[in-house]
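These notes are about the structure you will find just below.
The values are calculated or read from the model by the stated rules, or taken from the named source; none is laboratory data. Only a predicted model underlies this, so the values are computations on that prediction, with no experimental measurement involved. All Cβ positions, even for glycine, are placed from backbone atoms using ideal geometry, and neighbour counts span all protein chains on display. We work out accessible area using only protein heavy atoms, side chains counted, and drop any ligands, DNA or RNA first. Shrake-Rupley method; radii C 1.70, N 1.55, O 1.52, S 1.80 Å.
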Amino acid sequence: MKLKLTYILLFFAFFFSATTYAQVNRSIAREQYKRPKKDKKNYDFVEQSVNYLTKELKLDDFQKAAVKDILEGERTAITELSEDREMMSDVRADKARDISNRIYKKVLPLLSKDQAEIYTKMEESKKF
């Protein structure tokens, strides 16, 4: 009888202790699976492109200003292309290739021979 009472007490002790530890605060868990919010900074693609080309081609100040002016001239075409969601992907690729070729033809005369070789390799490696 004493042994039976001991087992019953142990069972209830284990049962009640397990249920109290099994309760978890789920208010934290809801937040852990959310993606972090992106920076809502508006990055200017012209500035990014000019900085990239300046770094890769080692442009001087005149070349940098001229490339920036060329990209500013194509800004509307690039923006329209990126905002048009109903355009077919092959048409979009063709238009992107046309814009890229126009920019290439305008930038190439500004570069030295070494810079032109690097820029040509960069353009050839583009995938549309």
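For the stretch 27-45, the criterion of a residue being of a type outside the set (D, E, K, R), modelled with pLDDT of 90 or more and open to solvent by 100 Å² or more (accessible area, probe 1.4 Å) is satisfied by no position. Mind checking whether some residue in the stretch 103-126 is open to solvent by less than 30 Å² (accessible area, probe 1.4 Å) and in contact (Cβ under 8 Å) with a residue 60 or more places away in the chain? Yes, the conditions are met somewhere in the stretch 103-126.
Pairing each residue of the stretch 87-98 that is under 15 Å from E74 (Cα atoms) with any residue that is outside any helix (DSSP H, G or I), provided the two are 6+ apart or on different chains, yields C-beta distances under 7 Å for A96/F128; R97/F128.
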